[in-house]
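Novice: Before I ask anything, let me first share the structure, which is written out below as structure tokens.
Just so it is clear, none of the values below were taken in a lab; they were calculated from the coordinates. These figures come from a predicted structure and were not determined experimentally. Cβ placement follows ideal geometry from the backbone for every residue including glycine, while neighbour counts extend to all protein chains displayed.
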Amino acid sequence: MGTEGIAQGDSTMKANAGKATILALGKAFPHQLVMQDFLVDGYFKDTNCDDPHLKQKLARLCKTTTVKTRYVVMSDEILKKYPELAIEGIPTVKQRLDICNDAVTQMATEASLACIKKWGRPASDITHLVYVSSSEARLPGGDLYLARGLELSPQTKRVLLYFSGCSGGVAGLRVAKDIAENNPGSRVLLATSETTIIGYKPPSAHRPYDLVGVALFGDGAGAMIIGSDPELVSEKPLFELHTAIQEFLPGTEKSIDGRLTEEGISFKLARELPQIIEDNVEGFCGRLMDVIGFDNKEYNKMFWAVHPGGPAILNRLEKRLDLFPEKLNASRRALMDYGNASSNTIVYVLEYMIEESKKIQKNEQGDGEWGLILAFGPGITFEGILARNLTL
């Protein structure tokens, strides 16, 4: 495809007419901050487990994840009220959902309010709501409770995306893009909210996958405002969302296997998951890069906002695409500071991407203006958006 109608290298960095743009970002977290250095002792104490082999294994995993801090909803107060959450084999899905449903609504509301404040326009100007979570289950869904908490108009059009896992944030962004571009004048609030309580369990030699989650995952919420044709007097566009695609890999359905059981959500992650992503990422990215005429030798001309599913995925992507180390700084910082917070994490990556871009002056060739927003989730599903960084 050619580059007709695409404003490349435009020093004014204006969004193209009719293209969706991210207009504001916001985030929120629960009050419990967990330092990775203290996680192992705390987790085994809370679950009354004294298995030295499992403790050593978790300690090793904690060192390899690169996570330094993360936030969690779980607290001493919750465990005192619901001690059965730390006991093997007890049906607790009702208790978990009672906690999660309230927690994700509160975090989503706080993240959305922070986002709306940065946006600078009143919440009444929001016309659509896209809500993403893999941490709750109820009817009506969290989209309605969030809309009510923000006092949005009852005419606000809502979309609910449940159980999309780590790719949910970019999937929600793709949906918000379509809404914004097909409804002139609309302003879409995208909210994501997640908590690991839905899958919190005591350590078990029969579930080695759980220890990976304990070492890696965190809680929190994220929010974005998306709209086309921004009003430059009152709105500041951050990223233009030019082209979005999704693809699933046939035969990989069991590679990320999550099931809601009587004891909450149980996950199994295949060992070959990073390899599968590495083997398929070039072709997927190439389909997006073709839109602006970049070939597969020009990866380092672009920015990379990648959901940090874990350090192995980032390392393999960096190696396969021969990226400069700084290209994944935003993703690595988000992983270090917040862990893998599932669908929320792409919001944190984009915030860090703006910080990183301030350190780099765009050259005459426009390097760093164009980039990819990527995430990988159950399916295995690839979500990707070709975007322009308008903050340079």
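Novice: I need the calculated FRET efficiency for the pair Leu113 and Met35, taking r as the beta carbon distance and R₀ as 30 Å, to the nearest 0.05.
Specialist: 0.65
Novice: List the equivalent ellipsoid semi-axes of the range 1-134 in whole Å, largest first, each obtained as the square root of 5λ for an eigenvalue λ of the Cα gyration tensor.
Specialist: So the three semi-axes of the range 1-134 are 42, 22, 14 Å.
Novice: How much length is gained if the chain between Asp102 and Ser153 is pulled fully straight, taking 0.36 nm per residue apart and subtracting their Cα-Cα distance, in nm to one decimal?
Specialist: Separation in residues times 0.36 nm, less the Cα-Cα distance, equals 16.2 nm.
Novice: Let me ask something else. So what's the Cα pair-distance distribution over the chain, bin width 20 Å, in %?
Specialist: Once binned at 20 Å, the Cα pair distances of the chain give 29, 58, 13, 0.
Novice: If I model the range 191-250 as equal point scatterers sitting on the Cα atoms and use the Debye formula, what is log10 I(q)/I(0) at q = 0.24 Å⁻¹?
Specialist: Once normalised to I(0) and log-transformed, intensities are -1.02.
Novice: Return the long-range amide H neighbours of Ala24 (sequence gap of 5 or more, or a different chain), with a cut-off of under 5 Å between placed amide H atoms.
Specialist: Hits under the 5 Å cutoff: Ile225.
Novice: Taking a threshold of 26 Å on the Cα-Cα distance, which of the pairs Lys80/Lys268; Lys301/Lys359; Lys236/Lys301; Lys57/Lys327; Lys14/Lys319 fall above it?
Specialist: Lys80/Lys268; Lys57/Lys327; Lys14/Lys319, as the Cα separations exceed 26 Å there.
Novice: Along the range 330-343, what does the Karplus equation 6.51 cos²θ - 1.76 cosθ + 1.60 (θ = phi - 60°) give for ³J(HN,Hα), rounded to whole Hz, x for Gly and Pro?
Specialist: Karplus-based 3J(HN,Hα) across the range 330-343 equals 4, 5, 5, 5, 4, 5, 5, 8, 10, x, 7, 9, 6, 4 Hz.
Novice: Now for a separate question. What dipole magnitude, in Debye to the nearest 20, does the range 82-185 give about its Cα centre under +1 on Lys/Arg Cβ and -1 on Asp/Glu Cβ?
Specialist: Computed charge dipole of the range 82-185: roughly 320 debye.
Novice: Charges at C-beta only: +1 for Lys and Arg, -1 for Asp and Glu. How large is the resulting dipole of the range 158-204 about its Cα centre, in Debye rounded to 20?
Specialist: Taking the Cα centre of the range 158-204 as origin, the dipole is about 60 debye.
Novice: Let's see if you can work this out: charge +1 on each Lys and Arg Cβ, -1 on each Asp and Glu Cβ, no other charges. What is the dipole magnitude of the range 247-313 about its Cα centre, in debye to the nearest 20?
Specialist: With Lys and Arg at +1 and Asp and Glu at -1, about 120 debye.
Novice: What is the log10 of I(q)/I(0) for the range 71-187, computed with the Debye formula using one identical point scatterer on each Cα and no solvent, at q = 0.09, 0.13, 0.15 Å⁻¹?
Specialist: -0.30, -0.59, -0.75
Novice: Determine, for Ile226, Ile354, Ile198, the number of other Cβ atoms within 10 Å of each Cβ, and report the residues in order from fewest to most.
Specialist: Neighbour counts put them in this order, fewest first: Ile354, Ile198, Ile226.
Novice: What are the residues whose amide H is under 5 Å from the amide H of Gly220, where those residues sit 5 or more places off or on another chain and H is modelled from the backbone?
Specialist: Glu194
Novice: Still on this structure, please answer the following. Can you tell me the alpha carbon radius of gyration of the range 278-392 divided by the globular rule-of-thumb value 2.2 N^0.38 Å?
Specialist: Normalised Cα radius of gyration, the range 278-392: 0.99.
Novice: Where does each of 307-316, 120-129, 244-253 land if you order them by average Cβ count within 10 Å, highest first?
Specialist: 307-316, 120-129, 244-253
Novice: Rounded to whole Hz and in sequence order, give me ³J(HN,Hα) for the range 251-266 from the Karplus expression 6.51 cos²θ - 1.76 cosθ + 1.60, θ = phi - 60°, writing x for Gly and Pro.
Specialist: Computed from phi, the couplings for the range 251-266 are x, 10, 4, 8, 6, 10, 10, x, 9, 7, 10, 5, 10, x, 7, 10 Hz.
Novice: Between Val306 and residues 5 or more places away or on another chain, which pairs have amide H atoms under 5 Å apart, with H built 1.01 Å from N, and which residues are they?
Specialist: Ser331, Leu374
Novice: Among Leu372, Val347, Met13, whose Cα projects farthest towards the positive end of the dipole of the chain, with charges put on the beta-carbon of Lys, Arg (+1) and Asp, Glu (-1)?
Specialist: Of Leu372, Val347, Met13, it is Val347.
Novice: Packing-wise, with mean Cβ within 10 Å as the measure, how do 53-59, 144-150, 256-262, 188-194 rank, highest first?
Specialist: 188-194, 144-150, 53-59, 256-262
Novice: Let me ask you something else. Quick check on the exposure proxy: order Cys62, Cys166, Cys115 from fewest to most C-beta atoms within 10 angstrom.
Specialist: In order of increasing Cβ crowding within 10 Å: Cys62, Cys115, Cys166.
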